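Peer 1: Below is one structure. I have some questions about it.
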Amino acid sequence: MHPPVRHGDLRDPAIGDGHTVVIIDGRYHQTPALRHKEILAAMGRGVSVVGAASIGALRAAELQPFGMVGVGAVFRAYVSGEIEGDDEVAVGQEPGGRQRALTWPLVNLRHVLRIAQGEGVADARTCAYLLESLQAVYYPQRSTAAVLAVLRREGAAHLGDWLRERRDRDPYFGDLKRLDALEAIGAATSGRIPPAPGRVPAGMWDTGYHRRWVNEAVTEDIDALILGTADRLAYQQLFDPGFARRWAAWLEHRSHHPGAADGPGMPLAARLARLLGDGDAMPPVYAMFRPVLDLTDRQTVGLLLAGETAADRVTIARYAARNAEMARAHPGFRPEAVVDGESRRVLLELWQVAADRLDAEALSRGLGSGQHAVEALKTFLLGFLADARAACPEEVADAR
């Protein structure tokens, strides 16, 4: 059992080929949601993925043609088109890691109203009107108190009394999501999972976005520091004055040893000439070739981080701690929220280039564009400025 799934969780090395994953709840408001391509990639390497009850049911309905299996009433409602929105299954959760739902999802309220209609507590017209009123309540505010208040306001206080009485007898009354979750877990643990309705095409998930997500998840334990490889690379790209030479050498290596889809190996100049033909003015190779890196490839990492020092890794860890300290002091802070102008100003000074040369300099370091470099620097900006203040407090004060 794991907490609600979020972006990156299916890359857990504990999930191996032949395993079965049951997706029930997921996080999506405060953190990036589990992406479709992540599920496709897991299924592509032999993991059976079952979805039910909440985001699991939604993803299963979307991905059933590609092999994801859906279980339960919520899944069937998504497939049939009876429900469509994410807010049908969304709930507000208790903070602090307990994951207890504090609000009612619409699918549960639909279920309760169907039961009320079947038991003669309310007629079909009243239930339909009440559902519209409940839909109008923003999902994090759809608490039991809010539900009862809506029923009273709409002249259905008797329905609220009935609901309270049923919940007093059974605290899980009306919890359709729970029923579906139990059904899915029972199917998975007993081997009664329905057959997959389709198969994921080979390599369908292999996009530039997915490769970047994979890269973001790569970490290594070095000198008792657990650091993200993508952060280590970005630090070198930004702060190593000689990294442009290292990037050029890696592009040459990549041209001599291409992937299967890139044709035969050849010198980079020959590859550029084949691409553009004979011409007097050949653009820089770094402007023409921008491959997406695979940071799971140890040779690539070794070549690009050849200039990294132990002091660099300590600095990266210290800057990460500075970001964490700021987030504790200012809840909601994220490095990427730093304004572009400040990051750009520091970057231009760091690289000692004019603004109109920012894109070219970034490309020469493998950063894609000046804007990508500006975004990359934000991860390190607070720590870097703190170091600058400590080293030259007078100059920094004048600059600010």
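The values are calculated or read from the model by the stated rules, or taken from the named source; none is laboratory data. No experiment lies behind these values; they were computed from the predicted model shown. With ideal geometry, Cβ positions are generated from the backbone for all residues, glycine too; neighbour counts draw on all protein chains shown.
Peer 1: If you take the residues in the range 276-302 that are at pLDDT 75 or above and part of a helix (DSSP H, G or I), which one is farthest from Trp250 (Cα to Cα)?
Peer 2: Step by step, filter the range 276-302, then rank; the result is Leu276.
Peer 1: Exactly one condition in (1) modelled with pLDDT under 95; (2) surrounded by 15 or more Cβ atoms within 10 Å (Cβ to Cβ); (3) closer than 27 Å to Glu252 by Cα; (4) not polar (S, T, N, Q) is not met by Pro335; state its number.
Peer 2: The single condition Pro335 does not satisfy is (3).
Peer 1: While we're on this one: Output the number of residues of the range 50-81 satisfying the condition of being more than 19 Å from the chain's Cα centre (by Cα), crowded, with 21+ Cβ neighbours inside 10 Å and of a type in the set (Val, Ile, Thr).
Peer 2: Residues meeting the conditions: 4.
Peer 1: What residue, of Glu325, Glu342, Glu349, Glu308, is outside any helix (DSSP H, G or I) and among the charged types (D, E, K, R)? Even if it seems obvious, please write down each step before you answer.
Peer 2: Working: Glu325 fails: outside any helix (DSSP H, G or I); Glu342 fails: outside any helix (DSSP H, G or I); Glu349 fails: outside any helix (DSSP H, G or I).
On inspection, the qualifying residue turns out to be Glu308.
Peer 1: Hey, another quick one. Examine the range 199-212 for a residue that is modelled with pLDDT under 85, among the aromatic types (Phe, Trp, Tyr) and in a helix (DSSP H, G or I), and state whether such a residue exists.
Peer 2: yes
Peer 1: Restricting the first residue to the range 85-113 and requiring it to be under 11 Å from Lys177 (Cβ atoms), which pairs with a second residue that is crowded, with 22+ Cβ neighbours inside 10 Å and among the polar types (S, T, N, Q) meet a Cβ separation below 6 Å and a spacing of at least six or different chains?
Peer 2: Val89/Ser54
Peer 1: Okay, next question. Return the residue satisfying two criteria in turn: it lies in the range 183-197 and is part of a helix (DSSP H, G or I) and surrounded by fewer than 16 Cβ atoms within 10 Å (Cβ to Cβ), and of such residues it is farthest from the chain's Cα centre (by Cα).
Peer 2: So, considering only residues that are part of a helix (DSSP H, G or I) and surrounded by fewer than 16 Cβ atoms within 10 Å (Cβ to Cβ), the one farthest from the chain's Cα centre (by Cα) is Ser190.
Peer 1: Are there any pairs with C-beta distances below 7 angstrom linking a residue in the range 199-215 that is touching a residue at least 60 places away in the same chain (Cβ under 8 Å) and within 26 Å of Gly228 (Cα to Cα) to a residue that is loosely packed, with under 13 Cβ neighbours inside 10 Å and not hydrophobic (A, V, I, L, M, F, W, C), with the two at least 6 apart or on different chains, and if so which?
Peer 2: none
Peer 1: Residue under question is Glu84, and the condition is that it be surrounded by fewer than 13 Cβ atoms within 10 Å (Cβ to Cβ), outside the structural domain of His158 (by TED's automatic domain parsing) and touching a helix residue (DSSP H, G or I) at 6+ places or on another chain (Cβ under 9 Å); does it hold?
Peer 2: yes
Peer 1: In addition: So is Ala187 under 22 Å from His372 (Cβ atoms) and in contact (Cβ under 8 Å) with a residue 24 or more places away in the chain or not?
Peer 2: No, not satisfied.
Peer 1: Return the residue satisfying two criteria in turn: it lies in the range 30-49 and is among the basic types (Lys, Arg) and part of a loop (DSSP other than H, G, I, E, B), and of such residues it is farthest from the chain's Cα centre (by Cα).
Peer 2: Arg45
Peer 1: Using the structure shown, decide if Ala244 is of a type outside the set (Asp, Glu), assigned by TED's automatic domain parsing to the domain that holds His36 and touching a residue at least 60 places away in the same chain (Cβ under 8 Å).
Peer 2: No, not satisfied.
Peer 1: Would the range 148-167 turn up any residue that is crowded, with 16+ Cβ neighbours inside 10 Å, within 26 Å of the chain's Cα centre (by Cα) and β-branched (Val, Ile, Thr)?
Peer 2: No, the range 148-167 contains no residue that is crowded, with 16+ Cβ neighbours inside 10 Å, within 26 Å of the chain's Cα centre (by Cα) and β-branched (Val, Ile, Thr).
Peer 1: Let me ask you something else. Residues to consider are Leu358, Leu276; find the one that is crowded, with 18+ Cβ neighbours inside 10 Å and free of Cβ contacts under 8 Å to residues at least 24 places away in the same chain.
Peer 2: Result: Leu358 is the single residue among Leu358, Leu276 that is crowded, with 18+ Cβ neighbours inside 10 Å and free of Cβ contacts under 8 Å to residues at least 24 places away in the same chain.
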